[in-house]
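Read the figures in this text as sums done on the coordinates, not as results from a lab. Quick caveat, the model's predicted, so the values are computed rather than measured. Cβ atoms come from the backbone with ideal geometry, glycine included; neighbour counts cover every protein chain shown.
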Amino acid sequence: MKFNSLIRFFNNLRYLCRYNLKDFYTICKNIDNLIQRTKYEIKSEWDDIIVPRVKDNWLTVKELVETQKSIIRIGDGEFTLMEGRDIPFQSYDKKLVVTLKEILKEKNENLLVGLVWEYYHKIKELRDFPKQAMYTSLPNLYNTISKNIVPDKIYYSAAISQIYAMYKIYDFEKHFCEMKKIWDNQSITVITGDRVFNNINYNIFDNAATVDYIYGPTMHAYNEFESLKDKIKKTNKDNILIFALGPCGKALAYEMFKLGYRVLDIGHSIKDYNEYKSDTLMNYKNIVKFYKPD
């Protein structure tokens, strides 16, 4: 088994050599993270690893289409906050972090909790930028993830909201068609940043029966958590609440879920769909722009 581990490790090094010298230098500077990533890829041969049980993108979307369940996704930004660090969308807040950790441990089967399935699988079809991140910066978070998840809990994919930004080969049309079935002919309320729709030409919610919007700050929205919560609580409970408001949106979604609403935290889907329909070339520059605050 250990021999197989070495084979996998050197296969990964051989893959990394395909990058140009600048990219390889970046990876070499992050050798500890590379080792962490490799360790998780060969997880079956390590006894001390807690590996999340995460369903893939297709199974996650299928569950949301066929049931009335909700979803809140926890990604690298939220785990960075758990480490006490700021992120571009949100400064660190202890109360927010407590809520994010509660979400990860939520036992209600009607709430799907999303983790990034791609963190734990080797995927040839990823675009170069996210693939490089999987081997450099993101493995820093593995220990924080392991400390905060429930080992035997079934999690779902957090990446359903950024398929076009992440993958170079994927059935994008099928993915977005399935996603839109979740709110097809339904009344929805979208809680999002006040600048998100400024440059959107293709609205992913165009098949909803009615769409209302509640806007919050694009950055550091948690500073207005209470006022946003009061506005959302006035929404008809028959409406699906859709959140694209960073970490604050996840905390708000959790509050509303506990009050009986169906909540969908779908983050970047608004922009992801627009980039797909616009046939945007997802090169390094455009992917960096995609993930920046609006």
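List the residues whose amide H sits under 5 Å from the amide H of D212, counting only those 5 or more places along or on another chain, with H placed 1.01 Å from N in the peptide plane.
I188, T189, V190
Against the empirical 2.2 N^0.38 Å scaling, what ratio does the C-alpha Rg of region 50-291 come to? Present the calculation step by step, with values, prior to reporting the outcome.
Working: Rg = 16.6 Å, N = 242, 2.2 N^0.38 = 17.7 Å.
Rounded to two decimals, the normalised Rg is 0.94.
Neighbouring Cβ atoms within 10 Å as the yardstick, rank K168, K69 fewest first. Numbers along the way, then the final one.
Numbers: K168 13, K69 16.
Listed from fewest to most nearby Cβ atoms, that is K168, K69.
Cα-Cα over 25 Å: which of K147/K285; K174/K231; K69/K250; K229/K277; K69/K285? Before the final figure, lay out the partial values.
Values: K147/K285 34 Å; K174/K231 34 Å; K69/K250 15 Å; K229/K277 32 Å; K69/K285 36 Å.
In this structure, K147/K285; K174/K231; K229/K277; K69/K285 exceed 25 Å between Cα atoms.
So how far apart, in nm, are the two label points at D194 and A209 if each is 7 Å from Cα heading toward Cβ?
3.2
Using +1 on the beta carbon of Lys and Arg, -1 on that of Asp and Glu, and nothing else charged, what's the dipole of region 161-251 about the Cα centre, debye to 20?
On the way: 11 positive and 11 negative charges, 33 e Å.
With Lys and Arg at +1 and Asp and Glu at -1, about 160 debye.
Take the Cα atoms of region 156-294, find their three principal axes, and give me the spread along each one in whole Å, biggest first.
Computed over region 156-294, the largest-to-smallest principal extents equal 40, 32, 28 Å.
Given N residues in region 56-150, what is its alpha carbon radius of gyration divided by 2.2 N^0.38 Å?
Details: Rg = 14.4 Å, N = 95, 2.2 N^0.38 = 12.4 Å.
Ratio of Cα Rg to 2.2 N^0.38 Å: 1.16.
Distance in nm between label sites at T280 and K153, each 7 Å beyond Cα in the beta-carbon direction?
Modelled inter-label distance: 3.1 nm.
Place a +1 charge on the Cβ of each Lys and Arg in region 218-294 and a -1 charge on the Cβ of each Asp and Glu, then give the dipole magnitude about the Cα centre in debye, rounded to the nearest 20. Display every interim value, and only then the final one.
Numbers: 13 positive and 10 negative charges, 16 e Å.
Roughly 80 debye, rounded to the nearest 20.
Report the label-to-label distance for V288 and E63 in nanometres (one decimal), using points 7 Å from each Cα along the Cα→Cβ vector.
According to this spin-label approximation, the distance is 3.6 nm.
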